[in-house]
1. Only one of Lys34, Lys7 is modelled with pLDDT of 95 or more and of a type outside the set (Gly, Ala, Ser). Can you tell me which?
2. List, please: which pairs have Cβ atoms under 9 Å, are six or more places apart or on different chains, and start with a residue in segment 19-35 that is more than 13 Å from Phe61 (Cβ to Cβ) and among the β-branched types (Val, Ile, Thr) and end with one that is assigned to a loop (DSSP other than H, G, I, E, B) and at pLDDT below 95?
3. Mind checking which residues of segment 1-42 are in contact with a strand residue (DSSP E or B) (Cβ under 9 Å, 6 or more places away or on another chain), closer than 13 Å to Leu55 by Cα and assigned to a helix (DSSP H, G or I)?
4. What are the pairs with Cβ atoms under 9 angstrom where one residue, in segment 41-53, is in contact (Cβ under 8 Å) with a residue 40 or more places away in the chain and the other, located anywhere, is exposed (fewer than 11 other Cβ atoms within 10 Å of the Cβ) and assigned to a strand (DSSP E or B)? Sequence gap at least six, or different chains.
5. Would it be correct to say that Phe61 is modelled with pLDDT under 95 and within 12 Å of the chain's Cα centre (by Cα)?
Amino acid sequence: MTYNFLKECMTPEQWCEELRAQDVVISPRRLRAKARERCQFYRLGRAMLLHPRHLEVIFGFDAAPCNRENGVTK
């Protein structure tokens, strides 16, 4: 049995809907731009697909560095 990674992939529009349900607001256009900047996406024809691992990398780039001792951002 092979793992079908496409089951976990969604378009930027679908991800934005999922994220909005968790009070994270980002536009599909901005998400697409971030994915391209960081080369974190799959292309299937003209469609862009994002895997959860892509989002981890995309949003990881935007995370502020944190001082582990007191939790304050640098």
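1. Lys34
2. Listed by first residue and then by second, the contacts come to nothing, as the list is empty.
3. Pro12, Gln14, Trp15, Glu18, Leu31, Arg32, Ala35, Arg36
4. Pairs that qualify, where the first residue is in contact (Cβ under 8 Å) with a residue 40 or more places away in the chain and the partner is exposed (fewer than 11 other Cβ atoms within 10 Å of the Cβ) and assigned to a strand (DSSP E or B), are Leu49/Arg43.
5. yes
The values are calculated or read from the model by the stated rules, or taken from the named source; none is laboratory data. The shown structure was predicted, so the numbers you read here are calculated from the model rather than taken from an experiment. Cβ sites come from the backbone with ideal geometry, for glycine too, and all protein chains shown count toward neighbours.
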